[in-house]
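**Student:** What follows is a structure written as structure tokens; I'll ask about it next.
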Amino acid sequence: MRSNKENISVTVLAVDITRMYGFHGNHPLDFLRITMATPRLIAPAKRLLEQGFKFGTFPIQSYSSFEANIDFEIRFMVDSDVVGCCWIELPARKYRVREERNTGEIDPHHPTKASLCQYEVDVGWTDLISHPAEGEWQRIAPLRVLSFDIECAGRKGVFPEAGVDPVIQIASMVQRQGRKSPSSAPSSPCSPVPASWAHSCSASPRRDSYCRYWEERAAGDELKERGMKWAEFVRTVDPDIITGYNIQNFDLPYLLNRAATLKVNMFPYLGRVRGIKSVIRDSSFQSKQMGRRENKAVNMEGRVQFDLLQVLLRDYKLRSYTLNAVSFHFLQEQKEDVQHSIITDLQNGNEQTRRRLAVYCLKDAYLPLRLLQKLMCVINYMEMARVTGVPLTYLLSRGQQIKVVSQLLRQAMKQGLVMPVVKTEGGEDYTGATVIEPEKGYYSMPITTLDFSSLYPSIMMAHNLCYTTLLQKGAAEKLGLSPEDFIRTPTGDYFVKSSVRKGLLPEILENLLSARKRAKAELKKETDPFKKQVLDGRQLALKISANSVYGFTGAQVGKLPCLEISQSVTGFGRQMIEQTKQLVESRYTIENGYQANSKVIYGDTDSVMVKVGVSTVKEAMDLGKEAAEWVSSHFVQPIKLEFEKVYYPYLLINKKRYAGLYFSSSPDTHDKMDCKGIETVRRDNCPLVANLINTCLQKILIDRDPQGAVEHAKEVISDLLCNRIDISQLVITKELTRSAQEYAGKQAHVELAERMRKRDAGSAPNLGDRVPYVIIKAAKGVAAYMKSEDPIYVLENNIPIDTQYYLEQQLSKPLLRIFEPILGESKAESVLLKGDHTRCKTVLTSRVGGLMAFAQKRSTCIGCKAVLKTDTAVCDFCKKRESELYQKEISHLSSLEERFSRLWTQCQRCQGSLHEDVLCTSRDCPIFYMRKKVQKDLDDQEKLVSRFGW
Ligand code: TTP
Ligand code: MN
Ligand code: MN
């Protein structure tokens, strides 16, 4: 085929006619299946077909194309019935092994094998047998996982640049998936690092091993050779999975750029296929869940890059995503956070300091491995790949839609259907669910919660909602369907029943939900609390995948939007929640012999919170189970209302904001304190808010002592206003994003980042970092975003904190919210924010030290604070008490010393070495700020004591 207009030749291998069903209607249509020689040709061919073209002088009309916008990996996997991470069998005699024959060829670039794999075979793709992950095919292969981390020599004040700053260390660790720990790695992080680590790349290829190299002191050819070493190491270890922390956007691109700078030409061949160079591409990714992210992508054929940071960004909402904070969160362990400026010094020091750096660097490679294992990432992601059919890498690089497409294509193929290519335009794509108006208050009686199991998926299954079952206007008559053959949805759309034709979407959903059921069953069996959490994460991921099938039909900028489906789903949902409320309230009444008239006090989307009027959790549970079953019987299978939990007591603040003690299995012990939409988890508040709200809720819910909670809140407010709160409690962190920068000049963290860059560009936060700051006192009228300051800078320079800001802008709203249902609206404010406790009599400025530096310039008497003319410790009047005063100050000094050494030990323990200086500068660690603060106090106190001259 040749197009005159575009002047490209398109190689068509085959055109066959197949009879297939369109997505609407029951009559098969003729389709042309066009097979192209290479994937690259598909897009131009599609364009030609859609535009129409001239064949010679003969005009060809335009056609609409089907399935011409499918990722090639997905296309292949669907056609060959292969799902992500499944086992594939090569039947005997159908394949030919490629031997690495000795042909006398010396040139290593002319191998007989095209890849670095142990086995390489030729086999026809139609001969592959793929095995669904069942029975023995559920096992996971012993994958080799390589984790690595690089350390660059930093220049003071600048972020490392690959064109200038050498890579001084690369730590690598290899682990077999499923094994406990990397076998030749140190069993504990404090065991000595053997000297042989230096250049041990070749020591034990294929076995668990580690390596490092450094550029330093090498030059010319030697430097090139060392640069090569790591790439060689990777090729010899031949990992299936490569991991680390932020390797995708930092380590890998840096290494490739550095290698290019050094002209180490053989470096960028990191994949399994010989001769394919790894290059860096920019990619951006956008999703509803994650927002917009700019990423770098490095190709590495045959290996999966599984950057732990990317996993965590997707799966966990955390206050901070530094490796340090993350390790502490999940492993209760931190790494030593060495400041960039120190790294070069350590490197240029001696064997000892380099060893030091090695330990530090190695831990950065080790922690991602441990986290991957602890969070069961590989297993859970593989399960997801197997269920949804996409390659493992898609789960980290793509959104929810591709998973639905993959499943949809598979089901469509089974039924002989082809998927249309739909041009989509943006538009409203949200139809809301019902929220039952909350009856706010503090309930000191059990509240039963009933919730539909997988509501939207089960609606789609129950009513057979699908693209292929939707009846266009007037289609029912045209097709001669009888009224029993189809249903009318609450939005007035018509769908045929499964007796006429079973939908694809219900089929997909059954599949996903049965995987969720399995995960839930496993979760139930598990006793280890952490594993329970992880398994809960797995069932939740499957739940989200199931719900995203609904989302797919409603996404206007999607591959195949269909508002008739998505709106019918929410329409049914709204109807059902209303019906549930009526059913419950009409049956559970005194009239019908129950203890009280039940009342639905709140409900959201698919759940109702019922005050059933019983006094024990046990009764509330029993009644809940009975009610759930009874209500379920009013709905079409598989729609099922479930007893979910009892809250006792329950604090209902507003829509989507509540807290309660959560009982789900045992009526005697609560599972947890459940807080929804309350500042206990919000990340952009300072820890003081979360801690205070949390403690208050504990007092209210667990101790059932609302008055005690009020007293506690007042105490903390008083501490805050009198400067008795530790600065670590006041640190707010916000992520520095591109969009935040675009609103330049308006936000505290953006402003601060800018100011810090002017002070020292190297240590200033970068795009994507979370910026920690505190709000400091300033003249009246200065905007809050100008009052942000680096906590360390505040500590070091004795800058006073704006405590009013913390009370008014941080604490007051969340506090009032939880106390209003208890104290009443007007009283809450006067009790909490207006009382005596808000008038601080003894402002301990010296604690934060704002005025202290000032005062020391004109020295005052340590006894009575009278201004001194001479440089002595006390005034004439206090002279007689001098010894006593000295004793007092000395004892204060020693208590500070003790506190400091306690914190110091804590930091040493955390970094895992007892005989080294603590270098940790982790800004995510409260201990770090406390240590800094005490150090400062200690210095001041030493100065003060020295004034006695004794
Ligand atoms: P849920 O009750 O949270 O979810 P569920 O009913 O699907 O699952 P479970 O068995 O755990 O109760 O939410 C109700 C509906 O809200 C859900 O069916 C679809 C919609 N929803 C989404 O569309 N996306 C989501 O991420 C969530 C959580 C819900
Ligand atoms: Mn539900
Ligand atoms: Mn729900």
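**Student:** So how do 120-126, 414-420 stack up, highest first, on mean other-Cβ count within 10 Å?
**Tutor:** Highest mean packing first, the order is 414-420, 120-126.
**Student:** If you add up the charges near P132, with Lys and Arg at +1 and Asp and Glu at -1, over every other residue whose beta carbon is less than 10 angstrom from its beta carbon, what do you get?
**Tutor:** So the surrounding residues net to -1.
**Student:** Using packing as a proxy for protection, rank 374-381, 769-776 so that the peptide with the highest average count of other Cβ atoms within 10 Å comes first.
**Tutor:** 769-776, 374-381
**Student:** Kirkwood Rh, Cα Rg: Rg to Rh for region 227-330?
**Tutor:** Answer for region 227-330: 1.01.
**Student:** Stretch V279-E437 to full length: gain in nm at 0.36 nm per residue minus the Cα-Cα span?
**Tutor:** 51.3 nm
**Student:** Right, here's the next one. Under a 5 Å amide H to amide H cut-off, with H placed in plane at 1.01 Å, what residues pair with E161 once short-range neighbours are removed?
**Tutor:** It is none; the list stays empty.
**Student:** Still on this structure, I have one more. Would you please give the residues with an amide H less than 5 Å from that of G603, counting only those at least 5 places away or on a separate chain, with H modeled from the backbone geometry?
**Tutor:** I436, M609
**Student:** In nm, to one decimal, how far is the K374 label point from the S80 one, both placed 7 Å along Cα→Cβ?
**Tutor:** 3.9
**Student:** Where only protein heavy atoms count, and the probe is 1.4 Å, what is the accessible area per residue for region 428-519 in Å²?
**Tutor:** Value returned for region 428-519: 44 Å² of accessible area per residue.
**Student:** With a point put 7 Å past each Cα toward its Cβ, work out how far S895 is from Y63 in nm, to one decimal.
**Tutor:** It is 8.8 nm.
**Student:** Which GluC sites (Glu not before Pro) in region 660-716 pass both tests, a DSSP loop state and at most 14 other beta-carbon atoms within 10 Å?
**Tutor:** Counting only loop positions with at most 14 other Cβ atoms within 10 Å, none of the GluC sites (Glu not before Pro) in region 660-716 qualifies.
**Student:** Report, largest value first, the span of the C-alpha coordinates of region 688-828 along each principal axis, in whole Å.
**Tutor:** Cα extents, longest axis first: 51, 32, 28 Å.
**Student:** Next question. Quote the FRET efficiency, to the nearest 0.05, computed for K880 versus K813 with a Förster distance R0 of 45 Å and r equal to the Cβ-Cβ distance.
**Tutor:** Computed FRET efficiency for K880 and K813: 0.25.
**Student:** Test of understanding: what is the full-extension gain from A783 to T695, defined as 0.36 nm times their sequence separation minus their Cα-Cα distance?
**Tutor:** Contour length minus Cα-Cα distance gives 28.6 nm.
**Student:** Now for a separate question. When every alpha-carbon pair in region 618-677 is counted, what percent end up more than 16 Å apart?
**Tutor:** 53
**Student:** HN-Hα J couplings of region 46-58 from phi, Karplus 6.51/-1.76/1.60, θ = phi - 60°, integer Hz, Gly and Pro as x?
**Tutor:** 4, 4, 4, 4, 6, 7, x, 7, 9, 9, x, 9, 8
**Student:** I need the phi-derived Karplus couplings for region 306-315: 6.51 cos²θ - 1.76 cosθ + 1.60, θ = phi - 60°, integer Hz, Gly and Pro marked x.
**Tutor:** 10, 5, 4, 4, 5, 4, 5, 4, 6, 9
**Student:** Oh, and also: Please report, to one decimal in angstroms, the Kirkwood hydrodynamic radius of region 773-828 built from all distinct Cα-Cα pairs.
**Tutor:** Result for region 773-828 stands at 12.8 Å.
**Student:** Could you tell me which of the pairs K524/K559; K780/K834; K531/K676; K699/K777; K229/K932; K296/K787 are separated by over 29 angstrom between their Cα atoms in the structure shown?
**Tutor:** The answer is K524/K559; K699/K777; K229/K932; K296/K787.
The values are calculated or read from the model by the stated rules, or taken from the named source; none is laboratory data. Because the structure is predicted, anything quoted here is derived from the model rather than measured. Backbone-built Cβ (ideal geometry, glycine too); neighbour counts: all protein chains shown. The protein model used for the area step is the full one, side chains on, heavy atoms only, and it has no ligands, DNA or RNA in it. Shrake-Rupley method; radii C 1.70, N 1.55, O 1.52, S 1.80 Å.
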